[in-house]
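J.: Just passing along the structure, written as structure tokens.
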Amino acid sequence: MWRAGVLTIFPEMFPGPLGVSLAGKALAAGAWSLDVHDIRAFASDKHRTVDDTPAGGGPGMVMKADVLARAIDAVAQEGRPRLLMSPRGVPLTQVRVEALAAGPGVVIVCGRFEGVDERVIAARDLEEVSIGDYVLSGGEIAGMALIDACVRLLPGVMGATASSAEESFADGLLEYPQFTRPQAFEGRPIPDVLLSGDHARIAAWRRAEAERLTRERRPDLWAKHHSGLRGKSAGVESIASDNDDGLRPCPRRGVPD
Ligand code: ADE
């Protein structure tokens, strides 16, 4: 079973969104497990202190190395990578998510305060991971995002529809626009080509739209795509979105047959 271990000072935040929809059903079905550990339980004083003022001065508080190390050491890791969610980390990509989902699971440390004592990052070999260039108030939501992205890739969690859609865009393009009934919405019709039944034309239209959107919105991805550095080996992954929780029919997803 794929195992997620989470170390946090806010254990009550979990499972949160991971307890509903696709991830929640998979959790209940035993496709993955979640163990949440309260870092505060490893504090040594009666106030259960987990942070202290930064050496050298400055604002905010720093998570203590000794307390966090004890918390990490108490978790049976069994080959799982130890990740520290941090805006300073290496940006998370679908390629990395696929690798994590293919492994035994993750142990996630959720940072809080101004940061984490650098020595515990080194001493426990924590790999810093960011989910984007913005600052959250802590690593918990970032950790949930990472777990969600992994869980949906576990065998049997997601229907075949969405995964085939993903494979069809495994060359680093954004997903093409989707439409469903009604045929006209506030004066906006579904593009004729999608109603033509001509699968080759539909595929060509979707491809052109995916390329247009990628060019307009993500020149960085477009440049990689175009320079021939395609596919997973180059770190360019599918950016196809997926909003299908498997609960309702979604007839237009996927590729033409
Ligand atoms: N903690 C705070 N901001 C974060 C981010 N952008 N990614 C991961 N962890 C974070």
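Just so you know, all these numbers are worked out from the coordinates, no wet-lab data involved. What you are looking at is a predicted structure, and each value in this text was computed from that prediction instead of being measured. Cβ atoms come from the backbone with ideal geometry, glycine included; neighbour counts cover every protein chain shown.
J.: Give me a comma-separated list of calculated 3J(HN,Hα) values for the stretch 106-118, in order, Karplus coefficients 6.51, -1.76, 1.60 applied at θ = phi - 60°, integers in Hz, x for any Gly or Pro.
T.: Karplus values, whole Hz, x for Gly and Pro: 9, 10, 10, 9, 9, x, 9, 6, 6, x, 10, 3, 4.
J.: Note down the relative contact order for the stretch 2-151 as a percent, whole number, built from C-alpha pairs under 8 angstrom at least six residues apart.
T.: In percent, rounded to a whole number, it is 29.
J.: What GluC sites (Glu not before Pro) in the stretch 56-157 are in a loop by DSSP, with at most 15 other Cβ atoms within 10 Å of the Cβ?
T.: In loop regions of the stretch 56-157 (DSSP not H, G, I, E or B), the sparsely surrounded GluC sites (Glu not before Pro) are Glu78, Glu114.
J.: Report the gain in length on full extension from Arg40 to Ala200: 0.36 nm times residue separation, minus Cα-Cα distance, nm rounded to one decimal.
T.: 51.7 nm
J.: Using the Karplus equation 6.51 cos²θ - 1.76 cosθ + 1.60 (θ = phi - 60°), what ³J(HN,Hα) coupling, rounded to whole Hz, does each residue of the stretch 72-84 give in order, writing x for Gly and Pro?
T.: With the stated coefficients, the stretch 72-84 comes to 5, 5, 7, 9, 5, 9, 6, x, 7, x, 9, 10, 10 Hz.
J.: Each residue of the stretch 96-102 in turn: what ³J(HN,Hα) in whole Hz from Karplus with 6.51, -1.76, 1.60 and θ = phi - 60°, glycine and Pro shown as x?
T.: Using θ = phi - 60°, the values come out as 5, 4, 4, 5, 5, 5, 7 Hz.
J.: Compute for the stretch 2-151: radius of gyration divided by Kirkwood radius, i.e. Rg/Rh, restricted to C-alpha atoms, rounded to two decimals.
T.: The Rg/Rh ratio comes out at 0.96.
J.: Would you mind getting me the FRET efficiency between Val75 and Asp133? Use the beta-carbon distance for r and R0 = 22 Å, nearest 0.05.
T.: 0.15
J.: How high is the FRET efficiency between His47 and Ala223 when r is their beta carbon distance and R₀ equals 51 Å, given to the nearest 0.05?
T.: 0.45
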